[in-house]
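Report on one structure; see the data block that follows.
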Amino acid sequence: MNGQNQNQNRNNNQGRGQFVRTPSEFDEQVVQISRVSKKTKGGNKVGFSALTVVGDKKGKVGVGLGKAPDVAGAIRKGMSHSKKNMIQVPIVNGTIPFRIDIKLGAAKIMLKPAPQGSGVIAGGAVRAVVEACGIENISSKILGTNNKISNIYATVEALKRISEKAGREKARKETKEK
């Protein structure tokens, strides 16, 4: 009787996509899901793209764009890509060290440090990246396109440049002290 119940439970759970999700050390967020269509000889080929942001709220953040025939596959690929391409961002007193203006393609982004307690003043695309990174006080403005993908990649590039410049400043101070 007991063996019969086990077989019945196995049959009930087949094909339903039930899985146990393991807790992640990262804050994962899906920013945008797009349905894309491609004309082919046999008709339209439909797929999905998912823009995802992953961060540890301690200065590491990554962005990924996953494409697949189904939404779940696109999200999984996007998360995987985000985790592979993470960058370290310097955070000073809960904000970035200095102002940066960047133009990447059609996107223009301005990020500047904000005083303690002002919070995250940012649009949707920039806000997703900045919050996942762990920056608590920042002021930003999206000046170019409204395209979320372009704006997120421009924000990540701005944070990358901040990291590089902060690293150069740190190395310069260390050589002066010696």
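State all residues of segment 58-72 that are basic (Lys, Arg) and assigned to a strand (DSSP E or B); if no residue qualifies, say none.
Narrowing segment 58-72 to residues basic (Lys, Arg): 58, 60, 67.
Within segment 58-72, Lys60, Lys67 meet the criteria.
In segment 131-169, the residue that is surrounded by the most Cβ atoms within 10 Å (Cβ to Cβ) out of those that are among the charged types (D, E, K, R) and either closer than 15 Å to Lys103 by Cβ or outside the structural domain of Ser118 (by TED's automatic domain parsing) (or both) is Glu157.
Going through segment 58-70 one residue at a time, which ones are over 20 Å from Asn151 (Cα atoms) and surrounded by fewer than 16 Cβ atoms within 10 Å (Cβ to Cβ)? Please lay out each step first, then the result.
Step one: of segment 58-70, the residues over 20 Å from Asn151 (Cα atoms) are 58, 68-70.
Listed by number, the residues that qualify are Lys58, Pro69, Asp70.
Taking the numbered list (1) closer than 17 Å to Asn151 by Cβ; (2) surrounded by fewer than 17 Cβ atoms within 10 Å (Cβ to Cβ) in turn, Arg35 passes all entries but (1). Residue count for segment 27-61 satisfying the condition of being touching a helix residue (DSSP H, G or I) at 6+ places or on another chain (Cβ under 7 Å) and free of Cβ contacts under 8 Å to residues at least 60 places away in the same chain: 7.
Quick check on my filter: what residues within segment 108-128 are of a type in the set (Gly, Ala, Ser), outside any helix (DSSP H, G or I) and in contact (Cβ under 8 Å) with a residue 24 or more places away in the chain? Break it down into steps so the answer makes sense when it comes.
Initially, segment 108-128 is screened for residues of a type in the set (Gly, Ala, Ser), giving 114, 117-119, 122-125, 128.
With outside any helix (DSSP H, G or I) added as a condition, the list becomes 114, 117-119, 122-123.
Scanning segment 108-128 gives Ala114, Gly123.
When Ser118, Ser139 are screened for being over 19 Å from the mean Cα position of the chain (by Cα) and hydroxyl-bearing (Ser, Thr, Tyr), only Ser118 passes. Ser140 fulfils the conditions (1) in a helix (DSSP H, G or I); (2) touching a helix residue (DSSP H, G or I) at 6+ places or on another chain (Cβ under 9 Å); (3) of a type in the set (Ser, Thr, Tyr) except for a single criterion, (1).
Annotation for segment 67-77: no member residue is under 10 Å from the mean Cα position of the chain (by Cα) and not polar (S, T, N, Q).
Which one of these is out of contact with any Pro (no Cβ under 8 Å at 6 or more places or on another chain) and under 19 Å from Asp27 (Cβ atoms): Lys112, Lys108, Lys84, Lys141? Exactly one of Lys112, Lys108, Lys84, Lys141 is out of contact with any Pro (no Cβ under 8 Å at 6 or more places or on another chain) and under 19 Å from Asp27 (Cβ atoms), namely Lys84. The set of residues from segment 152-178 being of a type in the set (Asp, Glu) and within 22 Å of Gly105 (Cα to Cα) comprises Glu157, Glu164. The selection criterion, being in contact (Cβ under 8 Å) with a residue 12 or more places away in the chain, on the phi > 0 side of the Ramachandran plot and exposed (fewer than 15 other Cβ atoms within 10 Å of the Cβ), does not hold for Gly94. Ala166 meets all of the listed conditions (1) among the small types (Gly, Ala, Ser); (2) within 20 Å of the chain's Cα centre (by Cα); (3) farther than 19 Å from Ile33 by Cβ but one, namely (2).
The values are calculated or read from the model by the stated rules, or taken from the named source; none is laboratory data. Just so it is clear, the model here is predicted, and its values are computed rather than measured. Positions of Cβ are generated from backbone atoms using ideal geometry, with glycine treated the same way; all protein chains shown enter the neighbour counts.
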